[in-house]
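S.K.: The structure that follows is given in the form of structure tokens.
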Amino acid sequence: MAETFPWGTKMSGTFFPYLMVVLWLMLAMAVAYVYWRVLRLETKRDSLTTMYLDQQQQQISAMQRDMSRLLSRMEQQAHGDVGLSPYNQAIEMIRQGLTASEVASRCGISRSEAELIVSLYRNSPTS
């Protein structure tokens, strides 16, 4: 007995079961491929999410360090512990007997500035 398809093609009864098996196998392969792709995409998504979260954590840590440094500076300035400026360092070095050129190179100031500090502070009592 021949099967007739809606588009008018006739098929013998022995060929139809083989066709159905092939179609079911193709469908199973398509489902397996889609499943495999979904797993790969999930893995990629997980790795990208992890990478993004790591970057965010690094940025947060850097911001916390910066905030901590700024808070420390603000507290020092509030208490008057500003630290020695190059000029204050130069005055101390001049009082210790260093030459103007040594002071200029160590403090990052010009030689003329160092010489001015020498003339003002070399033999003066503590100011």
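Coordinate-derived values only; no laboratory data. Note that the structure is predicted; figures quoted are calculated from it, not measured. Here the Cβ is made from the backbone with ideal geometry for all residues, glycine too, and neighbour counts use every protein chain on show.
S.K.: Find the relative contact order for region 84-127 and round it to a whole percent, using C-alpha pairs within less than 8 Å whose residues are 6+ positions apart.
M.R.: Working: 37 pairs, mean separation 18.0, N = 44.
41 percent.
S.K.: How would Arg73, Arg95 line up from fewest to most surrounding beta-carbon atoms within 10 angstrom?
M.R.: Lowest count first: Arg73, Arg95.
S.K.: When all C-alpha to C-alpha distances in region 84-127 are sorted into bins of 10 Å, what percent of pairs does each bin hold, rounded to whole numbers?
M.R.: Percent of pairs per bin, in order: 36, 59, 5.
S.K.: Which of Ile94, Ile109 has the fewest other C-beta atoms within 10 Å, and how do the rest follow up to the most?
M.R.: Numbers: Ile94 23, Ile109 19.
The fewest-first ordering by Cβ neighbours comes to Ile109, Ile94.
S.K.: Right, another one. What are the ³J(HN,Hα) values, in whole Hz, obtained from phi via the Karplus relation 6.51 cos²θ - 1.76 cosθ + 1.60 with θ = phi - 60°, for each residue of region 23-37 in sequence order, with x given for Gly and Pro?
M.R.: 5, 5, 5, 5, 5, 5, 5, 5, 5, 5, 5, 4, 4, 4, 5
S.K.: Once the piece of chain linking Ser119 and Ser72 is laid out straight, how much longer is it, given 0.36 nm per residue of separation minus the C-alpha distance between them? Walk me through the numbers before you get to the answer.
M.R.: Details: separation 47, 0.36 × 47 = 16.92 nm, distance 3.58 nm.
Fully extending the segment from Ser119 to Ser72 adds 13.3 nm.
S.K.: Return the sequence-ordered ³J(HN,Hα) values of region 39-52 in whole Hz as given by the Karplus equation 6.51 cos²θ - 1.76 cosθ + 1.60 applied to θ = phi - 60°, using x for Gly and Pro.
M.R.: Along region 39-52, the couplings run 4, 4, 5, 5, 5, 4, 4, 4, 5, 5, 4, 4, 4, 5 Hz.
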